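Pasting a structure below so you can have a look.
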Amino acid sequence: MTVKECYEEMEGDFEDVASRLRTNERIKKFLVKVLNDKSFDLLCKSVEEENWEEAFRAAHTLKGVCQNLSITKLYKSASLLSDSLREGKRDNQEIIPMLKQVEKDYEHVTNCIKMLEKENG
């Protein structure tokens, strides 16, 4: 799997990230760092504990990471959740479905990155 194929699989914008980071090696270097970022874990824990301020910060951080790396699909779902939390929505009936979408997108993205890392060392 190439870096471009990884972006296609995870529904990201390869051309956008390539315009900023320039080389596949640099893009891959920063993509792999996503695997060690704790924002998603903190988001899940914070929602579970109903710590809404921390949940907002974690969702906003995840959104920013995805925006910077042009991980478009996960950016969109994290953005929806972040915006809802910013607006003060605290009802789990609203938040949990959004969190489930973020979780689905996050798992897909991290699986793609792991495949890229495995195939290319």
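Show me the helices (runs of 4 or more DSSP H) entirely contained within region 1-73 in which 1 or more residues are closer than 26 Å to GLY88 by Cβ and among the β-branched types (Val, Ile, Thr).
39-48, 52-68
Please find, within region 38-51, the residue that is nearest to ALA78 (Cα to Cα) out of those that are loosely packed, with under 14 Cβ neighbours inside 10 Å and not basic (Lys, Arg).
Restricting to residues being loosely packed, with under 14 Cβ neighbours inside 10 Å and not basic (Lys, Arg), the top hit is ASP41.
Just for region 35-70: of the residues that are of a type in the set (Val, Ile, Thr) and touching a helix residue (DSSP H, G or I) at 6+ places or on another chain (Cβ under 6 Å), which one is farthest from MET98 (Cα to Cα)?
THR61
Moving to a separate point now. Quick one: what pairs do we get from region 77-99, first residue closer than 10 Å to ALA55 by Cα and assigned to a helix (DSSP H, G or I), second among the small types (Gly, Ala, Ser) and at pLDDT 90 or above, C-beta under 7 Å, 6+ apart or different chains?
LEU81/ALA59; SER82/ALA59; LEU85/ALA55; LEU85/ALA59
Mind listing whichever residues of region 97-119 are more than 19 Å from LEU80 (Cβ to Cβ), modelled with pLDDT of 95 or more and surrounded by fewer than 15 Cβ atoms within 10 Å (Cβ to Cβ)?
Within region 97-119, ASN111, LYS114 qualify.
What about ASP83, is it surrounded by fewer than 17 Cβ atoms within 10 Å (Cβ to Cβ) and at pLDDT below 95?
no
The values are calculated or read from the model by the stated rules, or taken from the named source; none is laboratory data. On a predicted model such as this, the values are computed, not experimentally measured, just so you know. So basically every Cβ, Gly included, is an ideal-geometry build from the backbone, and we count neighbours across all protein chains shown.
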